[in-house]
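The structure appears right after this line, and notes come after that.
Quick note: the coordinates plus some simple rules give every number you see, no bench work behind them. As the structure is a computational prediction, the values presented were derived from the model and not from experiment. Cβ placement follows ideal geometry from the backbone for every residue including glycine, while neighbour counts extend to all protein chains displayed.
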Amino acid sequence: MFDAICNHIKYATNKGNIRSAITIFPQRTDGLHDFRIWNNQLIMYAGYKQEDGSVIGDPANADFTELCQKLGWKSSGKNWDILPLVLSANGHDPQVFDLPDDLVLRVPIAHP
């Protein structure tokens with residue numbers, strides 16, 4: 001499942017020439033466990049809640065970041081940390097998978 005998602009990202013990103021893509025996993029069947037991607041997007045930035053109530057990184061992902069850490073994900077705790085994929089399949093517990101750095105297309109942005 002992780003390899004298929006990595007191939008999906010690589011194909012869709014296309015070295016910056018973005019193209020539409022769809023990857024389909026087996027459909028949910030009553031009484032059986034389904035394939036599940038826990039992330040709401042494949043590439044997301046972490047958000048770290050601070051004691052003073054502020055957040056380092058993306059506040060929208062602070063709760064999901066905590067879940068990833070509870071599942072064993074180790075991070076730097078800084079801005080721009082890419083969250084791992086959290087995947088489960090066939091009734092197994094969710095697992096975290098770090099995305100390879102070369103898979104994530106980063107766009108340099110500078111403020112004047």
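At a glance:
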read-out: Residue satisfying condition, being small (Gly, Ala, Ser) and touching a Cys at 6+ places or on another chain (Cβ under 8 Å), within set ALA46, ALA62, ALA21; value: ALA46
read-out: Hits in region 12-52 (condition: among the small types (Gly, Ala, Ser) and either touching a residue at least 60 places away in the same chain (Cβ under 8 Å) or farther than 29 Å from GLU66 by Cα (or both)); value: GLY16, SER20, ALA21, GLY31
read-out: Candidate set from region 1-10 (those that are within 23 Å of VAL107 (Cβ to Cβ) and out of contact with any Ser or Thr (no Cβ under 9 Å at 6 or more places or on another chain)); member that is surrounded by the most Cβ atoms within 10 Å (Cβ to Cβ); value: ILE9
read-out: Enumerated strands (runs of 3 or more DSSP E) restricted to region 42-112, each holding at least 1 residues that are more than 30 Å from PRO26 (Cβ to Cβ); value: 47-49, 55-57
read-out: Some residue of region 52-65 being touching a strand residue (DSSP E or B) at 6+ places or on another chain (Cβ under 7 Å) and farther than 24 Å from VAL107 by Cα; value: no
